[in-house]
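The structure under discussion appears below in the form of structure tokens.
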Amino acid sequence: QAQLVESGGGLVQPGGSLRLSCAASGHISSIYTMDWYRQVFGKEHELVASITSGGSTNYADSVKARFTISRDNTKNTVYLQMSSLKPEDTAVYYCHARFRDYQYWGQGTQVTVFS
């Protein structure tokens, strides 16, 4: 059964850093494009960053130069390194895998940036 499990969320002060991890299992492999989304309560999901099977990356303007997405295909894991965090980065962060008609979501991990 395909599954995505996020970890690494937590509480951090403004300017701090966190690294999120997303471990994929089942038939989610390195051919999948992997995304990180985030959602604030009452608002729609926002695409934060993506990485293709070939390693090409894309970022939302709001996180460029602060966040870095990467993947380790030997561990079937995707990471989101978040630096210079701001209160407006507070959200539930979700891992998402997609390939052709297939897509899967993780359960989400809470990131809270507070003074």
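Points worth noting:
- Within the listed set Thr74, Thr52, Thr33, the Gaussian network model of the chain (springs between alpha-carbon atoms below 10 Å) gives the highest mean-square fluctuation for Thr74.
- Accessible surface of Tyr102 - all protein chains present, 1.4 Å probe, nearest 10 Å²: 120 Å²
- Heavy-atom accessible area with a 1.4 Å probe sorts Phe99, Phe41, largest first, into Phe41, Phe99.
- Computed log₁₀ I(q)/I(0) - Debye formula, equal Cα scatterers, no solvent, the chain, q 0.16, 0.17 Å⁻¹: -0.67, -0.75
- Heavy-atom accessible surface of the chain: percent carbon and sulfur, 1.4 Å: 48 percent
- For the chain, the solvent-accessible area with a 1.4 angstrom probe is 55 square angstrom per residue.
- Under a Gaussian network description of the chain, with springs only between Cα atoms under 10 Å, the residue in Ala23, Ala91, Ala65 that fluctuates furthest is Ala65.
The values are calculated or read from the model by the stated rules, or taken from the named source; none is laboratory data. The structure presented is a predicted model; accordingly, all values stated were derived computationally and were not measured. Surface accessibility is based on the protein's heavy atoms, side chains included, excluding ligands, DNA and RNA. Shrake-Rupley method; radii C 1.70, N 1.55, O 1.52, S 1.80 Å.
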